[in-house]
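Written below as structure tokens is the structure these notes are about.
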Amino acid sequence: MLGSNACGLCHGLAAEYLLWEDGDYAILRTKRLKGHRERVMIAAKKHVAKLSQEEERLMLQHIIGQGRLIFKGYKFIVMSPKFGTIQDHAHLVASDISRRARDFDQMLGTPWLHVEHLRDWDSPAILISGNVIL
């Protein structure tokens, strides 16, 4: 279990969602896939709303590295927590991108921190407002 029992992220995540962890971070499958093949988050184990720049960099490195294994060749993006439903616990979400996903429009409005395997995508990419879509 992560951090504080009062936090929805700390309290609501059961062990079956855990995919990877180290001493500071945990990667978990999100409760709702929202129409994606895979959707995961990395969360700080300590209950804080904001991390240092170095901690944010490490969290991003972990989600990219583990995402390459979790997504098994599917292309994925790491999004900023701009529209996250939990704002008081530091976390990032990584997801495949699909026009059929229920949150597709929201994903287009969310800043992307990383796009994995962009050059390998089968479909031509279109740049819209700084985000790439298929």
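The values are calculated or read from the model by the stated rules, or taken from the named source; none is laboratory data. Just so it is clear, the structure is predicted and the values come from calculations on it, not from any experiment. Counting neighbours? That spans all protein chains shown, and the Cβs are built from the backbone with ideal geometry, glycine included.
Which of the residues that make up the range 1-34 are on the phi > 0 side of the Ramachandran plot and modelled with pLDDT of 90 or more?
Residue satisfying the conditions is LYS34 alone.
With respect to GLU38, is the statement that it is surrounded by 13 or more Cβ atoms within 10 Å (Cβ to Cβ), within 19 Å of CYS7 (Cβ to Cβ), among the acidic types (Asp, Glu) and without any contact (Cβ under 8 Å) to a residue 60 or more places away in the chain true? Give the derivation first.
Working: surrounded by 13 or more Cβ atoms within 10 Å (Cβ to Cβ): yes; within 19 Å of CYS7 (Cβ to Cβ): no; among the acidic types (Asp, Glu): yes; without any contact (Cβ under 8 Å) to a residue 60 or more places away in the chain: yes.
For GLU38, the condition - surrounded by 13 or more Cβ atoms within 10 Å (Cβ to Cβ), within 19 Å of CYS7 (Cβ to Cβ), among the acidic types (Asp, Glu) and without any contact (Cβ under 8 Å) to a residue 60 or more places away in the chain - is not met.
Condition test on ASP122, is it among the acidic types (Asp, Glu), assigned to a loop (DSSP other than H, G, I, E, B) and either closer than 25 Å to LEU9 by Cβ or modelled with pLDDT under 80 (or both)? Step through it out loud before you land on a result.
Numbers: among the acidic types (Asp, Glu): yes; assigned to a loop (DSSP other than H, G, I, E, B): yes; either closer than 25 Å to LEU9 by Cβ or modelled with pLDDT under 80 (or both): yes.
Yes: the conditions hold for ASP122.
Can ASP105 be described as more than 16 Å from the chain's Cα centre (by Cα) and modelled with pLDDT of 90 or more? Walk me through it before giving the result.
Working: more than 16 Å from the chain's Cα centre (by Cα): yes; modelled with pLDDT of 90 or more: yes.
Spelling it out, ASP105 is indeed more than 16 Å from the chain's Cα centre (by Cα) and modelled with pLDDT of 90 or more.
Which residue is modelled with the lowest pLDDT, if the candidates are limited to the range 80-97 and must be part of a loop (DSSP other than H, G, I, E, B), crowded, with 17+ Cβ neighbours inside 10 Å and in contact with a helix residue (DSSP H, G or I) (Cβ under 9 Å, 6 or more places away or on another chain)?
By that ranking, first place goes to ILE97.
Which of (1) without any contact (Cβ under 8 Å) to a residue 40 or more places away in the chain; (2) surrounded by 16 or more Cβ atoms within 10 Å (Cβ to Cβ); (3) part of a helix (DSSP H, G or I) does ARG57 not meet, given it meets every other one?
Failed condition: (2).
Step by step: first the residues of the range 60-79, then only those that are assigned to a loop (DSSP other than H, G, I, E, B) and basic (Lys, Arg), then the one that is modelled with the highest pLDDT. Which residue is that? Before the answer, list the steps.
First, the residues of the range 60-79 that are assigned to a loop (DSSP other than H, G, I, E, B): 71-76.
After this cut, where a residue has to be basic (Lys, Arg) as well, the list is 72, 75.
Numbers: LYS72: 82, LYS75: 86.
Filtering first and then ranking leaves LYS75.
Would you confirm whether any residue within the range 61-79 is free of Cβ contacts under 8 Å to residues at least 40 places away in the same chain, crowded, with 19+ Cβ neighbours inside 10 Å and either over 12 Å from ILE27 (Cβ atoms) or over 14 Å from the mean Cα position of the chain (by Cα) (or both)?
yes
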